[in-house]
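Shown next, in C-alpha cells, is the structure this report addresses.
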Amino acid sequence: MSDSDSKHGMDVTEEELKSAKNLGDLLKGTGLFEQAVHEEFLGSLSAPVKRRLRALKKLQLSGIQLEAKFYKEVHDLECKFAADFQKLHDKRRDIIGGTTEPSDAEADYPLIHGLSEEDHAKLLASGDQTNAADVKGVPQFWLTLFKNVELLAEMIQEHDEPILQHLTDISVEMNSNPTGFTLFFHFSPNEYFTNKELTKQYTLKCDPDEDDPFEYDGPEIVACKGSKIEWKEGKNVTVKLIKKKQKHKATGGTRFVTKQVKADSFFNFFEPPVNSPEDEANLDEETRMLLHADFEVGQALRDRIIPRAVLYYTGEANDDDSFDDEDECEDEADDDEEDGEDTDDAE
C-alpha cells in the first residue's frame with residue numbers, strides 16, 4: 001500500500017480484496033471513489049475559479065480560527081460561573097444527603113411536568129408511607145440516576161451496585177491550565193475502599209489540528225487520568241481470580257494455577273487505557289474505541305448529567321438518543337475463561 005493510500009484511509013486486508021466484487025466497490029468502501037470524483041470535478045474547472053476557491057478555503061480557515069477563539073472564551077466563561085453553579089450543587093448535595101430539609105416554599109414545584117392537577121395529586125399521595133419520616137434525604141440518588149442513563153447503566157455490573165450506593169455526590173471543577181475539567185466522585189465511608197473521593201481529570205484541546213483544520217468541530221478531549229483506588233483487601237471488583245489448567249510438555253501431567261485477570265466494572269472508568277495525547281498515536285483500534293467511549297462518558301457527565309441530575313433521576317431528561325451511537329464491537333470471552341478455567345502448557 002502506498003503512503004497516499006494510507007493517508008486517505010485505505011487500510012485494506014487481503015480478505016477484503018478477495019471479497020470485493022470489483023475495484024469500484026472497494027474504492028467506495030474506502031472513500032477513495034468519492035475523492036476521485038471530486039478531484040475530477042475540480043480539475044475540470046477553469047484556473048480563475050480554482051483560484052477563487054483557494055481564497056474561499058483560506059477564508060474558511062480564518063472562520064475556524066475564530067470559532068476556536070470563541071470556544072476558548074466560552075471555557076473561560078464556564079470557569080467564571082463555576083463557583084455560582086457549585087453553590088446550587090452544594091445545596092442539592094445537602095438535600096440528597098439529608099443534612100438539609102427543604103422548606104415548603106422550596107418544595108412548591110411539580111414532581112413531574114405535564115401531569116394534570118388530579119394526576120399529580122395522585123402521584124404525590126402514592127407510594128409506601130411506612131416509616132417515611134425516618135427516610136433520610138434521597139436514598140441511592142446517584143445509583144438510580146446512573147441506571148436511568150443507558151450510557152452509564154451499561155457500565156454498571158451487579159457487583160458495582162453496593163459500592164455505588166455509597167456515592168453521595170458528583171462535582172466538576174473547571175481547569176484553565178491545562179484547559180479541561182476534573183470530575184469528583186464523593187463517597188461515604190464503606191467496606192470497599194478507603195478513598196473519600198475518586199477523580200477523573202480530562203484535558204481539552206481547543207485549537208484545530210494543524211494538519212487537518214477543516215475537521216474542527218469544537219473542543220475535544222485529548223487525554224484523561226483517573227485517581228488510584230485504594231481497595232480494601234479482597235474487595236477489588238475490577239479483578240477476578242480464575243483457575244488455569246497447565247499441562248506439562250514432558251510428562252503430560254496437569255496442574256491448576258490461580259491467575260488474576262481484569263473484570264468488567266464501572267470502576268475501570270478510573271483506570272483509562274491511555275493517559276496522555278502522546279500515547280494515542282500508538283493505540284490499536286480496540287483501545288482507541290474504549291478511549292473514545294471514556295471521553296464520551298466524561299463529556300456527558302460534565303455537560304448534561306451533573307447540571308441536570310434531578311431530571312435524570314425522575315426520567316424527564318432521558319435523552320439517550322442524543323448520545324452518539326457507535327458501532328458496537330464486543331469480544332466474546334473464551335468459554336473456558338467464563339467458566340473460571342483455562343488451559344496452558346507448562347514447561
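The values are calculated or read from the model by the stated rules, or taken from the named source; none is laboratory data. Note that the structure is a prediction, hence the values are computed from the model and not measured. Positions of Cβ are generated from backbone atoms using ideal geometry, with glycine treated the same way; all protein chains shown enter the neighbour counts.
From the list 107, 82, which one is under 26 Å from residue 174 (Cβ atoms) and either within 25 Å of the chain's Cα centre (by Cα) or without any contact (Cβ under 8 Å) to a residue 24 or more places away in the chain (or both)? Result of the check over 107, 82: 82.
Could you go through the stretch 116-133 and let me know if any residue there is touching a helix residue (DSSP H, G or I) at 6+ places or on another chain (Cβ under 9 Å) and not hydrophobic (A, V, I, L, M, F, W, C).
Residues of the stretch 116-133 that are touching a helix residue (DSSP H, G or I) at 6+ places or on another chain (Cβ under 9 Å), as a first pass: none.
Looking through the stretch 116-133, none of the residues is touching a helix residue (DSSP H, G or I) at 6+ places or on another chain (Cβ under 9 Å) and not hydrophobic (A, V, I, L, M, F, W, C).
Within the stretch 83-98, the set of residues being among the small types (Gly, Ala, Ser) and within 21 Å of residue 312 (Cα to Cα) comprises 97, 98. For the stretch 194-215, indicate whether the set of residues that are more than 22 Å from residue 155 (Cα to Cα), in contact (Cβ under 8 Å) with a residue 24 or more places away in the chain and among the acidic types (Asp, Glu) is non-empty. There is at least one residue in the stretch 194-215 that is more than 22 Å from residue 155 (Cα to Cα), in contact (Cβ under 8 Å) with a residue 24 or more places away in the chain and among the acidic types (Asp, Glu).
Residues checked against (1) of a type outside the set (Ser, Thr, Tyr); (2) under 29 Å from residue 80 (Cα atoms); (3) surrounded by 10 or more Cβ atoms within 10 Å (Cβ to Cβ):
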{"position": "106", "(1), (2), (3)": "yes, yes, yes"}
{"position": "122", "(1), (2), (3)": "yes, no, yes"}
{"position": "158", "(1), (2), (3)": "yes, no, no"}
{"position": "180", "(1), (2), (3)": "yes, yes, yes"}
{"position": "183", "(1), (2), (3)": "yes, yes, yes"}
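Selection within the stretch 263-297: residues that are more than 29 Å from residue 242 (Cα to Cα) and touching a helix residue (DSSP H, G or I) at 6+ places or on another chain (Cβ under 9 Å). The member of this set that is modelled with the lowest pLDDT is 280. Evaluated against (1) within 30 Å of residue 163 (Cα to Cα); (2) in a helix (DSSP H, G or I); (3) at pLDDT 95 or above, residue 101 falls short on exactly one condition, (2).
The rows are residues; the columns are (1) under 20 Å from the mean Cα position of the chain (by Cα); (2) more than 30 Å from residue 234 (Cα to Cα).
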site	(1), (2)
180	yes, yes
192	no, no
207	no, yes
215	no, yes
218	yes, yes
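Just one of the listed residues (235, 240, 259) is touching an Asp or Glu at 6+ places or on another chain (Cβ under 8 Å), outside any loop (DSSP other than H, G, I, E, B) and over 30 Å from residue 67 (Cβ atoms), and it is 259.
Right, residue 214: over 18 Å from residue 292 (Cα atoms) and buried (at least 20 other Cβ atoms within 10 Å of the Cβ) or not? When the stated conditions are applied, residue 214 does not pass them. Residues in the stretch 133-185 that are assigned to a strand (DSSP E or B) and without any contact (Cβ under 8 Å) to a residue 24 or more places away in the chain: 3 in all.
Report yes if residue 130 is in contact (Cβ under 8 Å) with a residue 12 or more places away in the chain, within 25 Å of residue 161 (Cβ to Cβ), out of contact with any Asp or Glu (no Cβ under 7 Å at 6 or more places or on another chain) and among the hydroxyl-bearing types (Ser, Thr, Tyr), otherwise no. In short, no. Per the listing 120, 89, the residue uniquely in contact with a Pro (Cβ under 7 Å, 6 or more places away or on another chain) and of a type outside the set (S, T, N, Q) is 120.
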